[in-house]
Amino acid sequence: MITLNHYLILSGCLFAVGMYGIMTRRNALLILLSVELLLNAANLSFVAYARYRGDLTGQVFVFFTMVVAACEVAIGLAVAILLFRTRETLNTDEINTLKW
Amino acid sequence: MLALGWLVLFLPLLACLVIAGVTLKHEKISSWLACGALALSFLFSVILFIGLAAQGFPTLQSAVTVLPLEHLRLEFGVLLDRLSLIMLLVVTGIGSGIFFYSTAYMKNDKGYSRYFASLSLFAFSMLGIVVSTNFFQTFIFWELVGVSSYLLIGHWYQKDEAADAGKKAFITTRVGDVGFLIGILLLSSLAAALGKQTLDFQALSELLGHGAGHESMLTAICLLVFCGVLGKSAQFPLHVWLPDAMEGPTPVSALIHAATMVAAGVYLLARTYFLFVLSPSALSIIAGIGGFTALIAATMALVQPDIKKILAYSTLSQLGYMVMAAGLGSSSAAMYHLVTHAFFKALLFLGAGSVIHALHTQSIWEMGGLFRKMPVTAWTFLAGFLALAGVYPLSGFFSKDEILTLAFTVNRPLFWIGAGTAFLTAFYMGRLFFTVFLSEPKWEKEPHESPRVMTVPLVLLAFFASIGGFLGLGTFLHSHYDLPIAWNFSVVVGSLALSLTAILLSYLIYALDIPLLKPFEKLFSPASGLLLKKYYMDDLYDALVKHVQQNFAGLCDLFERVVVVKGMVNGTAGLTGWAGDRLRRLQTGKVQFYAFAFSAGVTLITLFWIVLR
């Protein structure tokens, strides 16, 4: 039997993996991917709670999140492509013109 | 009536402001503004006096609050009673005379307008003390008087002696004023303990009337307030500034350092006498200091060659008399002597000014034989001299003998000191008068009598110095705090005989040149050395300042520079800088590090929260 806790633990693991990715990766593309993981971890716990409580509000929120995530990916990828065209790299350590 | 009182007070200030602000370049207008304002003040004072005399001298008071504190209202007002009315008349009356005299004496002086502005400021400050309703106002004007005195002593600031004398006067009186201020603060706390926090004279006198059981506190307050008197009225040991203050123009010496300002201390004693009568021990200390000052000042006057310095020491000595009278239990006797002294001492100083004006020297040994050449000055000076020496029927005789009689009944040792001082006074004044006016002439350029504007004040003052004893001032000023004084015939005759003997002696020695003192020369020379050195008081203070105060100041300076500036101020700055330098390393600029710090923080907080539950 798969209970709420299983979902939550999975969600937590996904979140942790995403966080780890954000902190350790230097490639902008991979950081974007990790952000998606974070969002999906949140989505998973939303859905799990919605199911658990027999209430659709959580699922509605997931739709919103997915829309936002889609937009974010679209823009993020566009930025990444533009960056690559101008700088020929996606290494975040080298992209530092806006620092200070 | 009270409106007139306010007007009397503020007219001189108005003159001062107008002169300083508008007419500094127009000397004639400045001088007439100052004279006019004070003369008008005098006129109003006379009107006030007559008007209030018709009502039997009620005590009138009006005040505005300048600083409302939580428990204490600091007020500024006008108080009119017998005491302040008499003092108003003295200050504005003698002041007007001296103002007019100054217009001639100061002719062709570079700082003519400045001089009259300062004089007006002084008149304002002095009147402020006179009409003051409370200790707060008195203290403010007390300091203002100090400032204007400083300005006037240092009028010829290009001369180092004058500038130094001004500073000395200001600082020495400040020493006493510190005590005065502490006394005022203590008094206000005592009043609070008795139920009503106030500094108002009338309220205090009622409050302290049933303030038994605070004797030691009252003694402390009295002595601290008396510290202010010590400074302003130049009593021992703060008397050192007054002789030096003679560096100022002679009319200033007459007005400030003889007639009015130095009398402020005695006036304060009389005004706050309700306080002093509560502490007999403080009174006896005050009497002792007064007597001591009277005696040592008289001895110092014996050897001075400078005409103004002789008069300055004489002033010290007479102020000692007044303080002694207050200490012995009669503020009215002190005030009586203050008024008569104001007349004859202002007269003597103005006479001296007239002589100096004619001969351009201050040493009495370079004068001589002036009686024929300057008859008006000589005759008026004679009146002042005899009044000061206490010869019947001139004013000084009455006021001085009142004090001597009081001392005779209350405190015998002080009576002998007073009598000795009276003898010395008559002797040194005889020495001055006979040397200047009756001995062989020692000048080369023929001197002339001074202009009319200078001699008229002399004649007026001589008139009042002569008849001052018949005005009944003693009984007029008598308050219920004062001891009654019964005439004692033997004291009166004795002191008169003393004075006359001294005058005769000085006549023989200085006018007829009979060498009576020759056989005693050996005996006197060490003593006169001591007297010329002013009992080494100035040297003592010099040494104190040089060795004690300077070293202490150096120590404070070191503490300030090493501990305060280097240790505390720069230390705080250094610590902050160092901490900032360390903390800066956290700001790496790497977003991922921030993300790590953020998530680590959230994790830790969550953990902590869970554990705590």
Next on the checklist: Just to verify a result, which residue in region A:44-95, among those that are within 30 Å of B:LYS590 (Cα to Cα), small (Gly, Ala, Ser) and exposed (fewer than 12 other Cβ atoms within 10 Å of the Cβ), is nearest to the other protein chains (Cβ to nearest Cβ)?
Outcome noted: A:ALA78
Item to check | Answer from B:PHE236, B:PHE180, B:PHE226 - the residue that is part of a loop (DSSP other than H, G, I, E, B) and aromatic (Phe, Trp, Tyr) | outcome: B:PHE236
Checklist entry - Taking B:ILE509, is it in contact with a Pro (Cβ under 9 Å, 6 or more places away or on another chain), in a helix (DSSP H, G or I) and among the hydrophobic types (A, V, I, L, M, F, W, C)? => result yes
Next on the checklist: Taking the criterion of being buried (at least 24 other Cβ atoms within 10 Å of the Cβ) and of a type in the set (S, T, N, Q), would at least one residue in region B:442-455 satisfy it?
Outcome noted: no
Item to check | Test set (1) more than 21 Å from B:PHE385 (Cα to Cα); (2) in contact with a Phe, Trp or Tyr (Cβ under 8 Å, 6 or more places away or on another chain); (3) assigned to a helix (DSSP H, G or I) - B:THR475 fails condition number | outcome: (2)
Item to check | Number of the condition not met by B:PRO243 [criteria: (1) closer than 23 Å to B:LEU190 by Cα; (2) assigned to a helix (DSSP H, G or I); (3) of a type outside the set (S, T, N, Q)] | outcome: (1)
Next on the checklist: So in region A:15-41, with the set limited to residues that are more than 14 Å from chain B (Cβ to nearest Cβ) and among the hydrophobic types (A, V, I, L, M, F, W, C), which one is nearest to the chain's Cα centre (by Cα)?
Outcome noted: A:LEU39
Item to check | Residue match in region B:69-77 (condition: under 29 Å from B:ALA258 (Cβ atoms) and either acidic (Asp, Glu) or at pLDDT 85 or above (or both)) | outcome: yes
Checklist entry - Do we have any residue at all in region B:476-498 that's in contact with a Leu (Cβ under 8 Å, 6 or more places away or on another chain) and closer than 25 Å to B:THR435 by Cα? => result yes
Item to check | Exclusive hit being within 14 Å of another protein chain (Cβ to nearest Cβ) and either part of a loop (DSSP other than H, G, I, E, B) or not aromatic (Phe, Trp, Tyr) (or both), set B:LEU586, B:LEU575, B:LEU558, B:LEU607 | outcome: B:LEU607
Checklist entry - Quick one: B:ALA234 ticks every box in (1) on the phi < 0 side of the Ramachandran plot; (2) under 11 Å from the mean Cα position of the chain (by Cα) bar one, so which box is it? => result (1)
Checklist entry - Quick one: which helices (runs of 4 or more DSSP H) sit completely within region B:64-159 and have at least 3 residues that are over 25 Å from B:VAL46 (Cβ atoms) and free of Cβ contacts under 8 Å to residues at least 60 places away in the same chain? => result B:135-153
Checklist outcome for this item: Per the filter on region B:172-187, residues touching a residue at least 60 places away in the same chain (Cβ under 8 Å) and surrounded by fewer than 17 Cβ atoms within 10 Å (Cβ to Cβ) are B:VAL175
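The values are calculated or read from the model by the stated rules, or taken from the named source; none is laboratory data. Remember, it's a predicted structure, so these values are computed and weren't measured experimentally. For neighbour counting, all protein chains shown are included, and Cβ atoms are generated from backbone atoms with ideal geometry for every residue, glycine included.
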